[in-house]
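**Student:** Handing you this structure, nothing more for now.
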Amino acid sequence: MPEETTETKHALKSATLGECLFLLSLLSIFLPWKVYPAVFLASSLFFLYEARPLRPTSWMLALSVYIAYGLAVFGLTYTGQSLELSNAAKLAINPFFLICSVHWLSLRDNARLAYFLDWTLGALLLLSLVQLLVYHASFDFRLALGSDSSGQASSLYRPSLYFWGLDDKNMFGARIALLGFVFIFIPVLRAKKLSIARTLFVFLVAFLSLSRTPMVALLFGVSALGWLVLERKWRIVLLLALAVSLPVFLTQVIRIESITSSNDGMGIRLVYWTAFFSHFSDLSVWGGGFLEAERFLGENAKFYRGEPHIHNTFMTTYVEFGLIGFLAFLAFLGLFFRHCCRFRKEPSKGFESLEGLHLRPHWSLWLLLFLPIVSIMMILYSGYDNDIMVYLSLVWLVGTQREIAFHQTKIKVL
């Protein structure tokens, strides 16, 4: 958990409305009531007002093309179903939040906000742990050491016990992984230390979610972080540790022996992806709208479980918004990554001076921060889900604070 400092009271007293709105936006995605769109929109408009005028960058323009084309496809394919309206709202609001928040963050000193974020993430993950323990208690903790199948794991998520996070195993697990990785990374940023206790805490919460998605993403992210932090001789130890633990991880966590089963989540994904590539020519190059995955998989997949997406952000984007939407989304990700690597903070009227915080490109840092989100996007999400936009805004916040001297980072217990 974050360390107590003498600056806490002073920091709380000096918190700004914008900082409160940013953290409230993060909190809102965990609430059981769907209030986050209103919170996102209010926060975005405030960010836009405080950091006016907005000077669009190349990644913002690419993301705007993605939004505009997606909404145009929605208008042309709308059939009157509520899911379409819900997804259209996500498409309009979530990327807008990313644009406004990153623009706002780019023009200010975010050291205090990063401090607040550390505490906020710790509280959100702790409440996530409480929610999962409530679920497991209802099963007498029979699944606390893992489940035999995806179906059994999903049965843990009883609607009557839901009060925090998400009621979907994979989506909740993915959110834990993404925010958990930021939580692990913050001490590297602020104190040049990698906390073992914090890392184990995040892995525990992720494991109790019974979703394989967060475990894989965290393993990738933490292994890469360890590689950057460790000296050369200890990197060999890391590789040996991964090699020794890999069989246990694959059998006990990933359940690789059932990965192609028709009742396994990964087996279902393989069937959907096979249908996508085998019947690619049946897809409209212009995009079929938000319900196209349902139609396409129902007609072409070996079996279909009713999901409104293909369990892959990029495939889903092509199915819904065609080649134009797909290319615009790829351009957005690529240009945003490049912008992160090249970013320089500059003093702006109305914001305190940021002299001395200029950054040089740090490819290893940004590859590290993008690794968890890209790995999860390969097996989950639509391009406009709030988790993607929130995670990118958080890594922008922590990644642009200062140069990270990985070789000076120490591994500590707390």
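The values are calculated or read from the model by the stated rules, or taken from the named source; none is laboratory data. None of the values given here were measured: they were computed from a predicted structure. Don't worry about glycine lacking a Cβ; one is built from the backbone with ideal geometry, like all the others, and counts go over all protein chains shown. Quick note on the areas: whole protein, heavy atoms, side chains included, nothing else; ligands and nucleic acids left out. Shrake-Rupley method; radii C 1.70, N 1.55, O 1.52, S 1.80 Å.
**Student:** Return only the number of the condition from (1) open to solvent by 40 Å² or more (accessible area, probe 1.4 Å); (2) of a type outside the set (Ser, Thr, Tyr); (3) modelled with pLDDT of 50 or more that Glu352 does not satisfy.
**Tutor:** Failing condition for Glu352: (3).
**Student:** Any residue in region 314-336 that's open to solvent by less than 10 Å² (accessible area, probe 1.4 Å): show its pairings with residues that are of a type in the set (D, E, K, R) at Cβ separation under 7 Å, as long as the two are six or more apart or on different chains.
**Tutor:** Final answer for the pair search is Val319/Glu292; Glu320/Glu292.
**Student:** Which condition breaks for Arg142 when tested against (1) out of contact with any Leu (no Cβ under 9 Å at 6 or more places or on another chain); (2) modelled with pLDDT under 95; (3) assigned to a helix (DSSP H, G or I)?
**Tutor:** Of the numbered conditions (1) out of contact with any Leu (no Cβ under 9 Å at 6 or more places or on another chain); (2) modelled with pLDDT under 95; (3) assigned to a helix (DSSP H, G or I), the odd one out for Arg142 is (3).
A quick yes/no check of all residues on (1) within 22 Å of Leu371 (Cβ to Cβ); (2) in contact (Cβ under 8 Å) with a residue 24 or more places away in the chain; (3) of a type outside the set (A, V, I, L, M):
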| position | (1), (2), (3) |
| --- | --- |
| Leu125 | yes, yes, no |
| Leu132 | no, yes, no |
| Asp140 | no, no, yes |
| Leu143 | no, yes, no |
| Gly146 | no, yes, yes |
| Ser150 | no, yes, yes |
| Leu161 | no, yes, no |
| Gly173 | yes, yes, yes |
| Phe185 | yes, yes, yes |
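**Student:** Would you tally the residues in region 266-311 being open to solvent by 10 Å² or more (accessible area, probe 1.4 Å) and not in a helix (DSSP H, G or I)?
**Tutor:** Qualifying residue count, region 266-311: 18.
**Student:** Additional query: State yes or no: is Arg344 open to solvent by 20 Å² or more (accessible area, probe 1.4 Å), part of a loop (DSSP other than H, G, I, E, B), under 28 Å from Gln81 (Cβ atoms) and at pLDDT below 90?
**Tutor:** The answer is no for Arg344.
**Student:** So Tyr157 passes all but one of these: (1) in a loop (DSSP other than H, G, I, E, B); (2) in contact (Cβ under 8 Å) with a residue 40 or more places away in the chain; (3) buried (at least 19 other Cβ atoms within 10 Å of the Cβ). Which condition number does it fail?
**Tutor:** Of (1) in a loop (DSSP other than H, G, I, E, B); (2) in contact (Cβ under 8 Å) with a residue 40 or more places away in the chain; (3) buried (at least 19 other Cβ atoms within 10 Å of the Cβ), only one is false for Tyr157: (2).
**Student:** Being closer than 24 Å to Phe337 by Cα, at pLDDT below 95 and either surrounded by fewer than 22 Cβ atoms within 10 Å (Cβ to Cβ) or under 21 Å from the mean Cα position of the chain (by Cα) (or both) narrows it down to one residue among Pro53, Pro95; which is it?
**Tutor:** Pro53
**Student:** Which residues, taken from region 40-50, are within 22 Å of the chain's Cα centre (by Cα) and open to solvent by 50 Å² or more (accessible area, probe 1.4 Å)? Write out each step before concluding.
**Tutor:** At the first step, the residues of region 40-50 found to be within 22 Å of the chain's Cα centre (by Cα) are 40-44, 47.
Result: Leu41, Ala42.
**Student:** Mind checking which residues of region 56-92 are open to solvent by less than 40 Å² (accessible area, probe 1.4 Å) and of a type in the set (Phe, Trp, Tyr)?
**Tutor:** Trp59, Tyr66, Phe74
**Student:** Scanning for something open to solvent by less than 30 Å² (accessible area, probe 1.4 Å), in a helix (DSSP H, G or I) and free of Cβ contacts under 8 Å to residues at least 40 places away in the same chain, does region 105-113 turn up at least one residue?
**Tutor:** No, there is no match, as no residue in region 105-113 is open to solvent by less than 30 Å² (accessible area, probe 1.4 Å), in a helix (DSSP H, G or I) and free of Cβ contacts under 8 Å to residues at least 40 places away in the same chain.
**Student:** Looking at Phe22, Phe30, Phe46, which one is modelled with pLDDT of 95 or more, assigned to a loop (DSSP other than H, G, I, E, B) and under 18 Å from Phe116 (Cβ atoms)?
**Tutor:** Step by step, each of Phe22, Phe30, Phe46 is checked, and only Phe30 is modelled with pLDDT of 95 or more, assigned to a loop (DSSP other than H, G, I, E, B) and under 18 Å from Phe116 (Cβ atoms).
**Student:** Just one of the numbered conditions (1) part of a loop (DSSP other than H, G, I, E, B); (2) within 21 Å of Asp168 (Cβ to Cβ); (3) open to solvent by 50 Å² or more (accessible area, probe 1.4 Å) is not true of Leu126; which one?
**Tutor:** (1)
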